[in-house]
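Novice: Please read through the structure below; I'll follow up with questions.
The values are calculated or read from the model by the stated rules, or taken from the named source; none is laboratory data. Since the structure is predicted, the reported quantities are computational estimates derived from the model, not experimental observations. Heads up, the Cβs are rebuilt from the backbone with ideal geometry, glycines too, and the neighbour counts pull from every protein chain shown. Just so you know, the surface numbers come from the protein's heavy atoms only, side chains and all, with ligands and any DNA or RNA stripped out. Shrake-Rupley method; radii C 1.70, N 1.55, O 1.52, S 1.80 Å.
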Amino acid sequence: MATPAFEDIVETFEFLPDWEDRYREVIALGRAMPPMPEALKVPATKVTGCASQVWIHPEVEGGRFSFQGDSDASIVRGLIAILRALYAGLPVAEVAQVDAQAELGRLGLEGHLSSQRSNGVRSMIARIRDHAREAA
């Protein structure tokens, strides 16, 4: 159920031999992500449960879900970019059906993220699902 953009990330990660290379790729994905306008970084878009500052602003167009996101931490910004690739363009009704933890597991990140970052990713996924549910 993953999007083609996410499948591209999975394919890239399959060719990265160790965690340090994957870590650099996550950061590169975050750097390549379009910036989120400062005007959208408001309390309503802030994600609680993250050690870093994280903002997610949902967008639904033509019944398809996407979001803008940002963080003050490079690795977290990269994780947001990965989540954007996972969900971008899905019909809003399908967002809740994505097994995000299983899909992210395909990247081999789970054993390398701190418990705080893992909790933050779960908080971001919950926020994304909430936004999609509200839009459906």
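Novice: Tell me, yes or no, whether segment 93-103 has at least one residue that is of a type outside the set (Gly, Ala, Ser), under 20 Å from Phe13 (Cβ atoms) and assigned to a helix (DSSP H, G or I).
Specialist: Our first condition is that a residue be of a type outside the set (Gly, Ala, Ser); within segment 93-103, this holds for 94-95, 97-99, 101, 103.
Filter once more, keeping what is under 20 Å from Phe13 (Cβ atoms): 98-99, 101, 103.
Adding the requirement that they be assigned to a helix (DSSP H, G or I) leaves 101, 103.
There is at least one residue in segment 93-103 that is of a type outside the set (Gly, Ala, Ser), under 20 Å from Phe13 (Cβ atoms) and assigned to a helix (DSSP H, G or I).
Novice: For residues in segment 31-71 being part of a helix (DSSP H, G or I) and not β-branched (Val, Ile, Thr), which is most open to solvent (accessible area, probe 1.4 Å)?
Specialist: Per the stated criteria, the residue is Arg31.
Novice: Restricting the search to segment 2-30, which residues are exposed (fewer than 12 other Cβ atoms within 10 Å of the Cβ) and part of a loop (DSSP other than H, G, I, E, B)?
Specialist: Across segment 2-30, the qualifying residues are Phe15, Pro17, Asp18.
Novice: Please count how many residues of segment 95-125 are without any contact (Cβ under 8 Å) to a residue 60 or more places away in the chain and either of a type in the set (A, V, I, L, M, F, W, C) or closer than 16 Å to Arg84 by Cβ (or both).
Specialist: Residues flagged as without any contact (Cβ under 8 Å) to a residue 60 or more places away in the chain and either of a type in the set (A, V, I, L, M, F, W, C) or closer than 16 Å to Arg84 by Cβ (or both) within segment 95-125 amount to 8.
Novice: Does Ala93 fit the bill of being at pLDDT 95 or above and surrounded by fewer than 18 Cβ atoms within 10 Å (Cβ to Cβ)? Talk me through it step by step, then tell me what you get.
Specialist: On the way: at pLDDT 95 or above: no; surrounded by fewer than 18 Cβ atoms within 10 Å (Cβ to Cβ): yes.
So Ala93 fails the test.
Novice: With the requirement that a residue be more than 22 Å from Val92 (Cα to Cα), of a type outside the set (S, T, N, Q) and more than 14 Å from the chain's Cα centre (by Cα), what does segment 36-64 give you?
Specialist: Answer for segment 36-64, where residues must be more than 22 Å from Val92 (Cα to Cα), of a type outside the set (S, T, N, Q) and more than 14 Å from the chain's Cα centre (by Cα): Pro37, Glu38, Ala39, Lys41, Val42, Pro43, Gly49, Ala51.
Novice: Of everything in segment 25-52, what is modelled with pLDDT of 95 or more and under 24 Å from Gly111 (Cα atoms)? Give them in sequence order.
Specialist: Within segment 25-52, Glu25, Val26, Ile27, Ala28, Leu29, Gly30, Arg31, Val47 qualify.
Novice: Identify the residue in segment 96-136 that is touching a strand residue (DSSP E or B) at 6+ places or on another chain (Cβ under 6 Å) and either among the acidic types (Asp, Glu) or surrounded by 17 or more Cβ atoms within 10 Å (Cβ to Cβ) (or both) and, among all such residues, is nearest to Arg22 (Cα to Cα).
Specialist: Within segment 96-136, the subset touching a strand residue (DSSP E or B) at 6+ places or on another chain (Cβ under 6 Å) is 127, 131-132, 135.
Next, from what is left, pick out any that are either among the acidic types (Asp, Glu) or surrounded by 17 or more Cβ atoms within 10 Å (Cβ to Cβ) (or both): 127, 131-132.
Values: Arg127: 25, His131: 29, Ala132: 29 Å.
Ranking the candidates gives Arg127 first.
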